[in-house]
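Please read the structure below before turning to the comments.
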Amino acid sequence: MYGDEIHLWLHRIRAESLRHEAHEASRPHGRSRRTTRPARVRALRARLGWTLVEVGLRLATPRLPQSGLTARFDH
């Protein structure tokens with residue numbers, strides 16, 4: 001009973017916060033709103049992103065038990 005009311009209250013607060021953030025983002029600023037990042041930063045972000053994807057895939061893939069025989073032929 002009380003949990004539902006708290007959930008709705010928190011939802012309304014979050015929705016209001018997001019509306020405020022969207023309003024602030026739509027306001028024109030003195031400089032251009034869309035600034036491009038340097039190529040080095042973009043490359044670093046892409047490299048970090050793909051590294052995180054690789055780590056996630058390794059964590060999500062189940063490992064097969066390795067015996068001595070299969071380890072030699074697992075190339």
Notebook entry, point to check: What is the gain in length, in nm to one decimal, between Arg63 and Arg12 on full extension, counting 0.36 nm per residue of separation less the C-alpha to C-alpha distance?
Noted result: 13.9 nm
Next item on the list: Return the sequence-ordered ³J(HN,Hα) values of region 42-58 in whole Hz as given by the Karplus equation 6.51 cos²θ - 1.76 cosθ + 1.60 applied to θ = phi - 60°, using x for Gly and Pro.
Entry: 4, 5, 5, 4, 5, 5, 5, x, 5, 5, 5, 4, 4, 4, x, 5, 5
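Just so you know, all these numbers are worked out from the coordinates, no wet-lab data involved. The model shown is predicted, which means the values in this text are computed figures rather than measured ones.
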